[in-house]
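Everything on this sheet refers to the single structure shown next.
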Amino acid sequence: MTLHHLYTRRDLFLFRRLEVQKLIITVALTGNVPTREMNANLPVTPEEIAKDVNRCANAGASLCHVHARDILQKPTLNPSVFMDIVQHI
């Protein structure tokens, strides 16, 4: 099945116009709930989060939303943890 079967001619025109428009890609790397037990690839340390932020930026992301983790890998609002992440980025 091609795009022509799924969309009208007007839809295809709008899709083509979107291809030349600017695009903002936002990534949410950690989420507040996920744990390493849920996803073995979850970045939890400041170093891991910074590495993934840089990889996403290199792939075209414009904005990264980050939830910091404490030493026990639990969500934290501790400013020093956020500063550590920012310094690694």
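Computed values, structure above
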read-out: Boolean, Ala61 is among the small types (Gly, Ala, Ser) and either at pLDDT 90 or above or in contact with a Gly (Cβ under 6 Å, 6 or more places away or on another chain) (or both); value: no
read-out: Matching residues in segment 47-83 - criterion: being over 25 Å from Ile25 (Cβ atoms) and not aliphatic (A, V, I, L, M); value: Asp70, Gln73, Lys74, Thr76, Asn78, Pro79, Ser80
read-out: All positions within segment 52-89 that are over 16 Å from the mean Cα position of the chain (by Cα) and assigned to a loop (DSSP other than H, G, I, E, B); value: Asp70, Ile71, Leu72, Gln73, Lys74, Thr76, Leu77, Asn78
read-out: Residues (within 11 Å of Gln73 (Cβ to Cβ), of a type in the set (Val, Ile, Thr) and within 15 Å of the chain's Cα centre (by Cα)) located in segment 24-51; value: Thr30, Val44
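The values are calculated or read from the model by the stated rules, or taken from the named source; none is laboratory data. This is a predicted model, so every value here is computed, not measured. When we count neighbours, we look across all protein chains shown, and the Cβ atoms used for this are built from the backbone with ideal geometry, even at glycine.
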